[in-house]
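The values are calculated or read from the model by the stated rules, or taken from the named source; none is laboratory data. Just so it is clear, the structure is predicted and the values come from calculations on it, not from any experiment. A quick note on method: Cβ atoms are made from the backbone with ideal geometry, for glycine too, and the neighbour counts reach across all protein chains shown. The area values use the complete protein model at the heavy-atom level, side chains included, leaving out ligands, DNA and RNA. Shrake-Rupley method; radii C 1.70, N 1.55, O 1.52, S 1.80 Å.
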Amino acid sequence: MRDASTTQKDRGMNSATLEDVLRIYGIENWGTGYFSINRDGHLAVHPANGDARVADVYELVRELIDKRKLTPPFVLRFPQILAAQLQRLCLAYESAAKQFEFTGGHFPVFPMKVNPRREVVEEFLREGRKQSVGVECGSKAELYASLSLEQPADSLLVCNGFKDETFLRLASLGVQAGKRVVIVVEKLNELKMALEVADETGALPWIGLRAKLYSKGSGKWASSGGESAKFGLTTSEILECVHLLQAAGKIDSLKLLHFHIGSQITDVKRVKNAMKEAARVYAKIRQMRVAVEYLDIGGGLGVDYDGSKTTFDGSVNYSVEEFANNVVYTIKTVCDDEQVPHPHLVTESGRVMTAYHTLFVTEIRDEIETFAEDIPTVAVDDDDPQVIFELKSQLDDISIKNYREYYHDALDQKDELHTQFNLGLVSLEDRAKGEVLFWEICAKASQFAHQAETDEPEFDELKRILATKYLCNFSVFRSAPDSWAINQLFPIMPIHRLNERPTDFATLVDVTCDSDGCIDRFVDLKDVKQVLELHKFDDQPYFVALFLTGAYQEVMGSHHNLFGHPTEAQVVIDTDGRYHITKLIAGSRIADMLSFAKYDKQQCLENFQRQIAVQVTAGRIDQARATEAVKQYELSANGSTYLE
Ligand SMILES: *Cc1c(COP(=O)(O)O)cnc(C)c1O
């Protein structure tokens, strides 16, 4: 759907347009300074908050397509943004410690489940060498991977999650390799097993205890905390662990107390409450003459996906700095009150560390309209049924004064049209004519409602129904699974034409054959938008980006419909504004997805060949055709799974 102003194209960057475009997409609300619009109306990335480095994302995408001959979708990975986020986190805790005279250290660990990609984990370890950044893993595969990575000697390798004997043996291998491995005991039984394994190997990791707090987080993951949480030890189990370790003469191994009240905590009040409780538990254990030195506060530091700074699910009502201040201040106050030493703080922030560093870019391939605008209205003639006349005269007379009434009348007329059609009183041509007239009335009514700035729900709904569906070359299930699974909102906007006001309202549909493969909720400051403002699709390449997809999306995405991994480019930006593609990882080919689904490529080829041979024998195609068909089939396996 579009309004009349669409035709006049305003390519020049004027400041009123820029302000409008910034407001429409809200970049300044959710982008935390990493993204902007440049003079050409292109999206720009500033990987290191505040300095001169900047890159033009549209140019980058054009290079991938034109020079490197790659096809969208693309994952653009900016490791410098990971580094900037890590520095921001470390600085926040450092300043908080200074401000509140907190004497414990800060040992961040990167939780691998958020983004286990080697490039990501290695970047954290490299960037965080000075701050002794470590790793947190929650499974044997994550532990195996992290054992291969270089870590500073005093950094931690924290093992969370449920553990079996093999997990514990792997952990003890880490100890033997000189790593500071901490086994966080989730269940009493794990401690018993860990002691047994240590008796055998002579290598007992440090022990941590995960406490079940009474305090809960807030937002979608609130149930990770609280009494009925899946993880953690009750108070009596904690005491039992202490006794077990004392009896085994290993109480000195008990170094850490851990808790995690859930990801994306939306309300800073919950953080304070949880810290109060956790610090008390820590203090009481210390008072039992157990030298627990580390207090691991888990993750939960959220991302403001919609930029609204509220306790809405997709937002958070605090900044990284406020979160750190609250944590440090609360823990310090409790410790001083209980007269115990300040602990070293271990933080396991993953979401806020990684969300910003990838940009998912893809192309709009087509539009699917509710009604075809380019079919000209057929003239109404004398022998048309009454209902057509009525619709036609409504269309001619609708105005801002009567649009509500005329829209309601049109709804009645449309019902009447279909009733008469079912009775055999209206021809197929007349039905088509009536439907076109009806949708034209709807489009006008919607425009008038927009002009009148009404907020009546029926016109919001009409706007949504009339919205064009933009066919977007990606799979929601592969690249933004949380959008489908838990209605997570990701900011979305074009990466070019940003010096033009967008005039279409659209929703996005992906290329899977699944009706859930769509995005029809968009970030907004006050609400959730049901349609996104986009530029009129004019069959020229049009690229949009999904932002803040660096946390959880890459690893949780699935191969629904056998769509594979997008092509990935790792990009580093110079101070003189030049970008360098430091790594290119080709997207999945059809052949990769075949083997994922346990098809053997050779077997497929032979089977196809046999079917063609049958057709040749039957004389339905000739040999030359047959050979060519087999060759084409074989070659197709190298192609992309996405639209090319
Ligand atoms: C998931 C998880 C994290 C990461 O949480 P974020 O909210 O992404 O920072 C940290 N610790 C544990 C134990 C987790 O399960």
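Worth a mention:
- The residue that is farthest from residue 37 (Cα to Cα), among those in segment 493-512 that are charged (D, E, K, R) and either out of contact with any helix residue (DSSP H, G or I) (no Cβ under 6 Å at 6 or more places or on another chain) or buried (at least 23 other Cβ atoms within 10 Å of the Cβ) (or both), is 510.
- Every listed requirement among (1) open to solvent by 40 Å² or more (accessible area, probe 1.4 Å); (2) in contact with an Asp or Glu (Cβ under 8 Å, 6 or more places away or on another chain); (3) under 23 Å from residue 382 (Cα atoms) is met by residue 431 save one, (2).
- A single entry from 411, 425, 391, 437 fulfils the requirement of being without any contact (Cβ under 8 Å) to a residue 24 or more places away in the chain and more than 16 Å from the ligand (Cβ to nearest atom): 411.
- Positions within segment 202-229 being among the polar types (S, T, N, Q), in contact (Cβ under 8 Å) with a residue 40 or more places away in the chain and either crowded, with 21+ Cβ neighbours inside 10 Å or under 21 Å from residue 163 (Cα atoms) (or both), in sequence order: 218
- Pick from segment 517-554, criterion among the aromatic types (Phe, Trp, Tyr) and away from the ligand (no atom under 16 Å from the Cβ), ranking: surrounded by the fewest Cβ atoms within 10 Å (Cβ to Cβ): 537
- Scanning segment 594-604 for any residue that is exposed (fewer than 10 other Cβ atoms within 10 Å of the Cβ) and farther than 28 Å from residue 559 by Cβ turns up nothing.
- The residues of segment 394-403 that are surrounded by fewer than 17 Cβ atoms within 10 Å (Cβ to Cβ) and either touching a residue at least 24 places away in the same chain (Cβ under 8 Å) or not assigned by TED's automatic domain parsing to the domain that holds residue 454 (or both), listed by number, are 399, 400.
- Verdict on residue 70 being assigned to a loop (DSSP other than H, G, I, E, B) and either of a type in the set (A, V, I, L, M, F, W, C) or farther than 30 Å from residue 471 by Cβ (or both): yes
- Filter result for the condition that a residue is crowded, with 19+ Cβ neighbours inside 10 Å and closer than 19 Å to residue 357 by Cα, over 88, 77: 77
- Among the candidates 354, 370, 358, the residue that is touching a helix residue (DSSP H, G or I) at 6+ places or on another chain (Cβ under 6 Å), of a type in the set (Val, Ile, Thr), within 16 Å of the ligand (Cβ to nearest atom) and not assigned by TED's automatic domain parsing to the domain that holds residue 116 is uniquely 354.
- Filter pass, residue 215 being farther than 22 Å from residue 179 by Cα and of a type outside the set (Val, Ile, Thr): yes
- Residue 364, sole failed condition from (1) outside any loop (DSSP other than H, G, I, E, B); (2) over 30 Å from residue 537 (Cα atoms); (3) away from the ligand (no atom under 16 Å from the Cβ): (2)
- Qualifying positions in segment 23-41 - assigned to a helix (DSSP H, G or I) and either of a type in the set (Gly, Ala, Ser) or surrounded by 16 or more Cβ atoms within 10 Å (Cβ to Cβ) (or both): 24, 25, 27, 29, 30
- Members of segment 217-229 that are within 16 Å of the ligand (Cβ to nearest atom) and either at pLDDT 95 or above or more than 16 Å from residue 296 (Cα to Cα) (or both): 218, 219, 220, 221, 222, 223, 226, 229
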